[in-house]
Amino acid sequence: MNTGAPRATIERLCRYQQVLAQLERERVETASSADIGRLAVTNAAQVRKDFSHFGDFGRRGVGYSVSELRARLRAILGTENERTVVIIGAGNLGSALAGYPGFEMRGFRVVAIFDNNPAKIGHWVEGLRILPLSDLATVAAEQRIDIAVIAVPEAAAQAVADQVVEAGIKAILNFAPVYIQVPADVGARTVGVTCQLEYLSYFLAQSQGSSEAEES
Ligand code: ATP
């Protein structure tokens, strides 16, 4: 998946968007690279370097206009027009994601939810009727679907990803704890919640290890 600018830069742009949304809610009108860096848990030099990949941003010493910067980042991230999202898997996770208000606030609209369990199809979740996964290609052909969110068990994730690709959807957010294989022209991200817990567990093990070493 080629992202143009470095992947870590794009990931930080998302963090900056979050910070700018917070500043806008607090009615802050201008912010310096140092302000943004502090709130995004990085530093001013990194913020300037990240922005420099995308041209000239604001004047030195004056700070950025929060609303202009948000609009600029939206244009870079391609979220200035709404992105349409479908969710596959109407279990606990998929249903929770369908109802998450944070998506809409950042320009992502969940337009359909799919499942393959006949007992669930036709039921409603968060105002959406659960559709059979066999309808995915038709829905994708009728509506422009930008992103598919996979919220099925691990064993089904690759087969579902293949169906998403087959339906012509070019971006996948995968919540199943397995890396899915997709063609080079499809963007895929896996959300590894357990890996994040393992990371923290490692951190705890390290810090506990170092305090044990100090004690001995
Ligand atoms: P529940 O027990 O109510 O199904 P859950 O969150 O425990 O909820 P999971 O086993 O994690 O369920 O499955 C998530 C959802 O994915 C379920 O609704 C299941 O029917 C659906 N699912 C499983 N395999 C597929 C598949 N191949 N295609 C589409 N949906 C699937």
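The values are calculated or read from the model by the stated rules, or taken from the named source; none is laboratory data. None of the values given here were measured: they were computed from a predicted structure. Every residue, glycine as well, gets a Cβ built from its backbone with ideal geometry; the counts of neighbours run over all protein chains shown. Heavy atoms of the whole protein, side chains included, go into the accessibility calculation; ligands, DNA and RNA do not. Shrake-Rupley method; radii C 1.70, N 1.55, O 1.52, S 1.80 Å.
Which numbered condition in (1) within 16 Å of the ligand (Cβ to nearest atom); (2) under 18 Å from the mean Cα position of the chain (by Cα); (3) among the aromatic types (Phe, Trp, Tyr); (4) farther than 30 Å from Gln22 by Cβ is the only one that Trp124 fails?
So the condition that Trp124 fails would be (2).
Tell me which residues, restricted to region 26-44, are closer than 20 Å to Ala71 by Cβ and polar (S, T, N, Q).
Thr30, Ser32, Ser33
With the checklist (1) of a type in the set (A, V, I, L, M); (2) within 23 Å of Val165 (Cβ to Cβ); (3) in contact with a helix residue (DSSP H, G or I) (Cβ under 6 Å, 6 or more places away or on another chain); (4) not in a strand (DSSP E or B) in hand, flag the one item Ala90 doesn't pass.
Of (1) of a type in the set (A, V, I, L, M); (2) within 23 Å of Val165 (Cβ to Cβ); (3) in contact with a helix residue (DSSP H, G or I) (Cβ under 6 Å, 6 or more places away or on another chain); (4) not in a strand (DSSP E or B), only one is false for Ala90: (3).
Could you look through region 139-168, keep only residues that are farther than 14 Å from Val110 by Cα and β-branched (Val, Ile, Thr), and pick out the one that is farthest from the ligand (Cβ to nearest atom)?
Ranking the qualifying residues of region 139-168, first place goes to Val165.
I'd like the residue in region 169-185 that is among the hydrophobic types (A, V, I, L, M, F, W, C) and farther than 19 Å from Val111 by Cβ and, out of all such residues, is nearest to the ligand (Cβ to nearest atom).
Residue satisfying both the conditions and the ranking: Ala176.
Between a residue in region 157-174 that is of a type in the set (Asp, Glu) and any residue that is open to solvent by 40 Å² or more (accessible area, probe 1.4 Å) and within 14 Å of the ligand (Cβ to nearest atom), which pairs come within a Cβ distance under 9 Å, given they are 6 or more apart or on different chains?
Correct list of pairs: Glu166/Ala137.
State yes or no: is Pro118 closer than 30 Å to Ala21 by Cβ and surrounded by fewer than 20 Cβ atoms within 10 Å (Cβ to Cβ)?
The answer is no for Pro118.
Can you go through Ala141, Ala148 and tell me which one is among the small types (Gly, Ala, Ser), within 25 Å of Arg83 (Cβ to Cβ) and touching a strand residue (DSSP E or B) at 6+ places or on another chain (Cβ under 6 Å)?
Ala148
Identify all residues within region 84-112 that are open to solvent by 20 Å² or more (accessible area, probe 1.4 Å) and either free of Cβ contacts under 8 Å to residues at least 12 places away in the same chain or outside the structural domain of Asp146 (by TED's automatic domain parsing) (or both); write none if there are none.
Asn92, Ala96, Tyr100, Pro101, Glu104 - these are the residues of region 84-112 that are open to solvent by 20 Å² or more (accessible area, probe 1.4 Å) and either free of Cβ contacts under 8 Å to residues at least 12 places away in the same chain or outside the structural domain of Asp146 (by TED's automatic domain parsing) (or both).
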